[in-house]
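The values are calculated or read from the model by the stated rules, or taken from the named source; none is laboratory data. Here the structure is a predicted model, which is why all the values come from computation and not from measurement. Virtual Cβ from ideal backbone geometry, glycine too; neighbours counted across all protein chains shown.
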C-alpha cells in the first residue's frame, strides 16, 4: 500500500522539480506570445505525423503475428496500439502500452495467447534496437553540435557505444545459420522442459529464425516510425520559430524518446523539457520561450494521442477472431 502512494509522489516530485527549474529560465508571458504566433499549418501537419507511427505499429504487429500464422487485421491492431497510448500516459514507461497490447491480443487469439503475447515483446525489442541503430547513423552526422557541450557530448558518446553494441548484436544474430539458431532455441527449451510458455515461445522463436526477412521488414518499419517522430518534433519546432535542420533533430530526439521509457514522470513532463534545453539551448542562444512553447505543444500532442486512445477504449470491444490460422509445425 505504501508503494502505491510513495511511487506517484516521487513522480510528482520529479515533475515539480522540473517545473521549478524551468520557471527560472523562461518568461511565461513570452511563451504565451510564441504560442499565439505559432503557425497553424505546421501544427496541423505535426498532428498527422504524430498519428502515423501508431498506424505503422499496427502493421508491424500484424506482420509478426502473421508470421506465426495468427491472422488479425492491421486496423484492429492499430486501434489497440492507440489504446496503448492512453494507458501509456496513465502508467508511465512501457508497462501501460505493452500491458494493454498483451491484454487485448490474448483476448483476440485465446488459443494462441502465449505466442501472440511474444510478438508484443519482440516488437518492443526490435523497436529498441532500431532506436539505437538510428542514433548510430544520425549522431555522427551532427557531431559538431553535440560535441559543443560536455554534457551533450557525453550523451552522444553513450548512445554511439550503445548503438554500436546493439547493431553488432543484431548482425551476429542475422549471421547465425538457421541450424545454429535452432540449436540455441533447443538448448533453451531443454533447460525448461516442463514450462509451457517456454516451449511455445521457443516454437515461435524457431519460426522467426526461419523468417529473418520478416524481422528485417519490421525493423525498417520501426526506423520509419523513428524518422516520423523526428519529423514531428521538427515540424512543431518550425511552428514556433525554431529553425533547426531535420538532421539535427534526428541526432537527439531518439534520446528523448528513450527517456520516455523511464517511469519517473507523467507523460514525459520534466525530462523532455530538460533534454530539449540541454540539446537546443546553446543553438538557440537564449530562446527559452520558444523551447518552453515547443515542450508544451509536444505535451499537448502526447495528450491528444492519449485522448484518441481513450475514446477508442470507450467504444472498442475486443472479440476473439473467428478464425486463427495455425502455422505449419506449431501446436495450437
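Among the listed residues 257, 261, identify the single one that is in contact with a helix residue (DSSP H, G or I) (Cβ under 7 Å, 6 or more places away or on another chain), part of a loop (DSSP other than H, G, I, E, B) and either farther than 22 Å from residue 274 by Cβ or at pLDDT below 90 (or both).
The unique qualifying residue is 261.
Mind listing whichever residues of region 92-122 are closer than 25 Å to residue 299 by Cα and either touching a residue at least 40 places away in the same chain (Cβ under 8 Å) or touching a strand residue (DSSP E or B) at 6+ places or on another chain (Cβ under 6 Å) (or both)?
Once the filter is applied, which keeps residues that are closer than 25 Å to residue 299 by Cα and either touching a residue at least 40 places away in the same chain (Cβ under 8 Å) or touching a strand residue (DSSP E or B) at 6+ places or on another chain (Cβ under 6 Å) (or both), region 92-122 yields 92, 93, 94, 95, 101.
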- What are the pairs, 6+ residues apart or on separate chains, where a residue within region 29-53 that is within 12 Å of residue 241 (Cβ to Cβ) has its Cβ under 6 Å from a residue that is at pLDDT 90 or above and in a helix (DSSP H, G or I)? 38/239; 39/239; 42/235; 42/238; 42/239
- Failed condition for residue 299, given (1) out of contact with any helix residue (DSSP H, G or I) (no Cβ under 6 Å at 6 or more places or on another chain); (2) within 23 Å of residue 146 (Cα to Cα); (3) at pLDDT 85 or above: (2)
- Note on the structure: Taking region 239-248 and keeping residues within 16 Å of residue 279 (Cα to Cα), in a helix (DSSP H, G or I) and in contact (Cβ under 8 Å) with a residue 40 or more places away in the chain leaves 247, 248
- Name the pairs: first residue in region 138-150 and surrounded by fewer than 15 Cβ atoms within 10 Å (Cβ to Cβ), second residue modelled with pLDDT of 75 or more, Cβ to Cβ under 6 Å, at least 6 apart or on different chains? 141/247; 147/153
- Task: Could you list all residues from region 182-226 that are part of a loop (DSSP other than H, G, I, E, B) and more than 25 Å from the chain's Cα centre (by Cα)?
- Result: 192, 193, 194, 195, 210
